[in-house]
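Inspection log for the structure reproduced underneath, given as C-alpha cells.
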Amino acid sequence: MKPASPQALALAEIGGLLLDAALAGLLLLALVERIAPPQDLAWKPFSLDQPLGLATESKLARIGADPAACRAALRAGGITPVDQPVREEGFCSTRDTVRAPSRLSPAAPVMTCPLALRYAMWERQVLAPAADRLLDSRLVRVDHLGTYACRTIYGRPGERPSQHAKASALDVSGVRLADGRRLTIAGDFRKPGPEGRFLRVARTGACELFGAVLGPDYNAAHADHLHLDLSPYRLCR
C-alpha cells in the first residue's frame with residue numbers, strides 16, 4: 001500500500017481539527033442552551049414576562065418590525081390591542097397604532113404597536129419591580145401627558161417632525177402607588193430619598209428599551225416628564 005503523501009496527511013490533520021472544533025462548538029451551544037436564560041438568547045421566544053436580557057433589544061426590534069407579530073406578542077402577554085384608524089395629515093401619521101390596556105392614565109392612549117410593546121415591557125420589568133423593591137408598595141397607575149400630537153419638535157415651525165407626530169412617543173409625568181402616594185417627575189425626580197431613586201431607576205431602565213429618553217437632566221422643557229420615544233438613535237438624559 002502506497003504511503004499517504006505529506007499533503008494528504010496535512011489535510012487529514014486539518015479535517016480532524018475542524019471536526020474537533022465543530023464538536024466543541026456544538027457542546028458549547030448545548031451548554032449555553034441549557035444554562036442561559038431565554039432573555040439572553042436571540043433564538044428563544046420572546047415574552048413580556050421575561051426580565052430584560054442580552055437579547056431583549058434584538059427581539060423587540062424584530063417583533064416591532066412585523067405588525068402581526070407585535071400584536072401577537074401583546075396578546076401572548078395578556079394584553080388585547082385594539083387597532084386604530086390610520087390618519088394621515090401632512091408629516092403626521094397614525095399608521096400601525098393601537099390602544100392597549102395598561103396602567104397608563106389617561107387610559108389606553110393611541111400609540112404605535114412597537115411603542116405599546118416596549119412600554120408594556122418597561123411597566124412590567126422595570127417600574128413594577130422597582131416600586132416593590134424601592135418603595136415597598138405596588139404600582140397602580142402611570143400618569144402621562146399624551147402620545148400622538150401632530151407637531152414638530154417643541155412645536156417650532158421649520159423643525160423636524162416630533163416622534164409624537166407618528167404616535168411613537170409617550171410623555172410620563174409620574175406614578176401612583178397602592179399605599180396612596182403619588183410621585184411626579186416635577187416634584188420628586190431629584191429628591192435623594194427612595195422616591196427620587198425610584199424615578200431615576202425608571203429613567204435608566206427606560207434607556208434600555210426606548211430610543212430617546214429625555215427628562216429633567218436634559219433641559220427645562222422636560223422638567224415635568226420623561227419623554228420616551230422610538231428614535232433610531234440612542235439618547236439617555
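ALA100 meets each of the listed conditions (1) under 28 Å from ALA165 (Cα atoms); (2) at pLDDT below 90 apart from (2).
Please determine, by comparing only the residues of the stretch 189-237 that are acidic (Asp, Glu) and under 13 Å from the mean Cα position of the chain (by Cα), which one is nearest to PRO129 (Cα to Cα). Here the answer is GLU208. The set of residues in the stretch 205-237 being more than 20 Å from MET121 (Cα to Cα) and among the acidic types (Asp, Glu) consists of ASP217, ASP224. Listed by first and then second residue, the pairs with beta-carbon distance under 7 Å, at least 6 apart or on different chains, first residue in the stretch 159-188 and more than 16 Å from ALA128 (Cα to Cα), second crowded, with 16+ Cβ neighbours inside 10 Å and of a type in the set (Phe, Trp, Tyr), are HIS164/TYR148; ALA167/TYR148; LEU170/TYR119. Applying the criterion of at least 3 residues that are closer than 30 Å to GLY205 by Cβ and modelled with pLDDT of 95 or more to the helices (runs of 4 or more DSSP H) found wholly in the stretch 1-88 leaves 56-64, 67-76. Looking across SER58, SER102, SER93, SER47, one residue alone is within 16 Å of the chain's Cα centre (by Cα), of a type outside the set (A, V, I, L, M, F, W, C) and farther than 27 Å from ARG141 by Cβ. It is SER58.
Residues that are closer than 15 Å to ASP229 by Cβ and not aliphatic (A, V, I, L, M) within the stretch 97-122 comprise THR97, PRO109, THR112, CYS113, PRO114, ARG118, TYR119, TRP122, listed in sequence order. Checking the stretch 154-161 against the condition returns no match, with no residue being of a type outside the set (Val, Ile, Thr), in contact with a helix residue (DSSP H, G or I) (Cβ under 6 Å, 6 or more places away or on another chain) and either within 29 Å of GLY53 (Cα to Cα) or modelled with pLDDT of 95 or more (or both).
Can you tell me which residue is farthest from ARG176 (Cα to Cα) among those in the stretch 89-101 that are in a loop (DSSP other than H, G, I, E, B) and in contact with a strand residue (DSSP E or B) (Cβ under 6 Å, 6 or more places away or on another chain)?
Residue satisfying both the conditions and the ranking: PHE91.
Out of everything in the stretch 115-153 that is modelled with pLDDT of 95 or more and of a type in the set (Lys, Arg), what residue ends up being farthest from ALA72 (Cα to Cα)? Here the answer is ARG133. Filtering the stretch 63-94 to residues that are surrounded by 14 or more Cβ atoms within 10 Å (Cβ to Cβ) and under 30 Å from GLY158 (Cα atoms) leaves GLY64, GLN84, ARG87, CYS92, SER93, THR94.
The values are calculated or read from the model by the stated rules, or taken from the named source; none is laboratory data. It should be emphasised that the depicted structure is a prediction, and the values quoted were computed from it without experimental measurement. Using ideal geometry, Cβ is built from the backbone for each residue, glycine included, and neighbour counts are taken over all protein chains shown.
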